[in-house]
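K.L.:
Mind having a look at this structure? Questions to follow.
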Amino acid sequence: MKANSKITRHYFRFLLITLLLLAAGLESYGQQAEKVTELLHLEDNQYFADRDSAYVDPYYGLKKLIYGNKRFAENKSIRPRQTDADLKNNELGQKPFATIIGCADSRVPNEIIFDQGVGDLFITRTAGQVMAEASYGTIEYATEFLNTRLIVVLGHESCGAVQAAMKLPENPPGHIVTLINAIKPASLVAKSHGESEEEAIDIAIRTNVLEQVQLLRGLEPVLSRRFAEGKVLIVGAVYNLKTGVVQFIPETIESLPKFKQGEKAEAKKTEK
Ligand SMILES: [Zn+2]
């Protein structure tokens, strides 16, 4: 009996991991996955999204990030809201439309890759976007006090922190052990699924993002409640350093609680 339930548990774990990997979308980079395009009704020839609408409606905020990244990846960046006057205009406070939890990697500057400006993104960055108490407080602050409704966990291809965790070092120096331990579950999943070393690292990067998305969705007391009520969206994405494309993970968009229709903002095709 005991052995049977152990086998069943293993079977379900295997099934869950397989589903997660499929959902993570191992399809090639280069363009936003068809599934995401379909889910968000993205338009081929659209590059701009209104800022105020993005603040009110997190689905629209998500589109705004995708259109901004499309500008960047296609060398059409407009660098909005980045003049000296924008930087010095502090009277109205801040209303960032997205919180980004990203990697500290110097090659992943969030405002540049999403082609956004001053006051748009509330960002917390650590190696491997590993989170601890201070990060949670930072994200909750944006949610509770700035009313930011979109949260994006942003991993990236060639992530040094994930590569280090894949080596499963026995005694990482100093506090680096915190990073390694946090990424270890994803690296163990990847090791048992990746055909080549390169593929295993890609799987670890995506699995790490998926686990971090799940962690935030269940984080008591603020985020779990707000997510369940459909008041914040928490999604995952992976940035490709070679193509400049941020690939949003379809499963993290599919599994969102229904957003209240009445609150959807009217979309405007402007970057103002
Ligand atoms: Zn990294």
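Bear in mind these aren't lab numbers, they're just calculated from the coordinates by the rules spelled out. Note that the coordinates shown come from a computational prediction; the quantities given were computed from them, not determined experimentally. Here the Cβ positions follow ideal geometry from the backbone for every residue, glycine too, while neighbour counts run over all protein chains shown.
K.L.:
Surrounded by 22 or more Cβ atoms within 10 Å (Cβ to Cβ), over 24 Å from LEU39 (Cα atoms) and out of contact with any strand residue (DSSP E or B) (no Cβ under 8 Å at 6 or more places or on another chain): which single residue out of ALA134, ALA165 fits that description? Break it down into steps so the answer makes sense when it comes.
P.N.:
Working: ALA134 fails: surrounded by 22 or more Cβ atoms within 10 Å (Cβ to Cβ).
After ruling out the rest, the residue left standing is ALA165.
K.L.:
Regarding VAL209, is this residue more than 16 Å from the ligand (Cβ to nearest atom), part of a helix (DSSP H, G or I), under 19 Å from the mean Cα position of the chain (by Cα) and under 30 Å from ASP52 (Cβ atoms)? Before you say what the answer is, go through the steps one by one.
P.N.:
Details: more than 16 Å from the ligand (Cβ to nearest atom): no; part of a helix (DSSP H, G or I): yes; under 19 Å from the mean Cα position of the chain (by Cα): yes; under 30 Å from ASP52 (Cβ atoms): yes.
It is false that VAL209 is more than 16 Å from the ligand (Cβ to nearest atom), part of a helix (DSSP H, G or I), under 19 Å from the mean Cα position of the chain (by Cα) and under 30 Å from ASP52 (Cβ atoms).
K.L.:
Any residue in the stretch 100-116 that is closer than 20 Å to GLN163 by Cα sitting within a Cβ distance under 7 Å of a residue that is within 16 Å of the ligand (Cβ to nearest atom) and assigned to a loop (DSSP other than H, G, I, E, B)? List the pairs, counting only those 6 or more apart or interchain.
P.N.:
ILE101/MET131; GLY102/VAL108; CYS103/CYS159; ASP105/CYS159; ARG107/LEU241
K.L.:
So is GLU91 free of Cβ contacts under 8 Å to residues at least 24 places away in the same chain, farther than 27 Å from PRO257 by Cα and either of a type outside the set (S, T, N, Q) or touching a Ser or Thr at 6+ places or on another chain (Cβ under 7 Å) (or both) or not? Full working, then the answer.
P.N.:
Working: free of Cβ contacts under 8 Å to residues at least 24 places away in the same chain: yes; farther than 27 Å from PRO257 by Cα: yes; either of a type outside the set (S, T, N, Q) or touching a Ser or Thr at 6+ places or on another chain (Cβ under 7 Å) (or both): yes.
So GLU91 fits the description; yes.
K.L.:
Additional query: Could you go through the stretch 79-100 and let me know if any residue there is within 16 Å of the ligand (Cβ to nearest atom), closer than 22 Å to GLU140 by Cα and surrounded by fewer than 20 Cβ atoms within 10 Å (Cβ to Cβ).
P.N.:
The answer is no, given that none of the residues of the stretch 79-100 is within 16 Å of the ligand (Cβ to nearest atom), closer than 22 Å to GLU140 by Cα and surrounded by fewer than 20 Cβ atoms within 10 Å (Cβ to Cβ).
K.L.:
Let me ask another. Starting from the stretch 157-172, take each residue that is more than 15 Å from ALA190 (Cβ to Cβ) and within 15 Å of the ligand (Cβ to nearest atom) and list its partners that are in a loop (DSSP other than H, G, I, E, B) and among the acidic types (Asp, Glu), counting only C-beta distances under 9 angstrom and pairs at least six apart or across chains.
P.N.:
That search, which allows pairs on different chains as well, returns GLY160/ASP105.
K.L.:
Related question: Check off (1) under 20 Å from the mean Cα position of the chain (by Cα); (2) on the phi > 0 side of the Ramachandran plot; (3) among the aliphatic types (A, V, I, L, M) for LEU168 and give me the number that stays unchecked.
P.N.:
Among (1) under 20 Å from the mean Cα position of the chain (by Cα); (2) on the phi > 0 side of the Ramachandran plot; (3) among the aliphatic types (A, V, I, L, M), the lone unmet condition for LEU168 is (1).
K.L.:
On to the next question. Given the conditions (1) assigned to a helix (DSSP H, G or I); (2) small (Gly, Ala, Ser); (3) buried (at least 18 other Cβ atoms within 10 Å of the Cβ), report the number of the one that SER192 does not fulfil.
P.N.:
Here SER192 clears every test but (3).
K.L.:
Oh, and also: Tally up the residues in the stretch 118-142 that are away from the ligand (no atom under 16 Å from the Cβ) and in contact with a helix residue (DSSP H, G or I) (Cβ under 6 Å, 6 or more places away or on another chain), please.
P.N.:
So the count comes out to 4.
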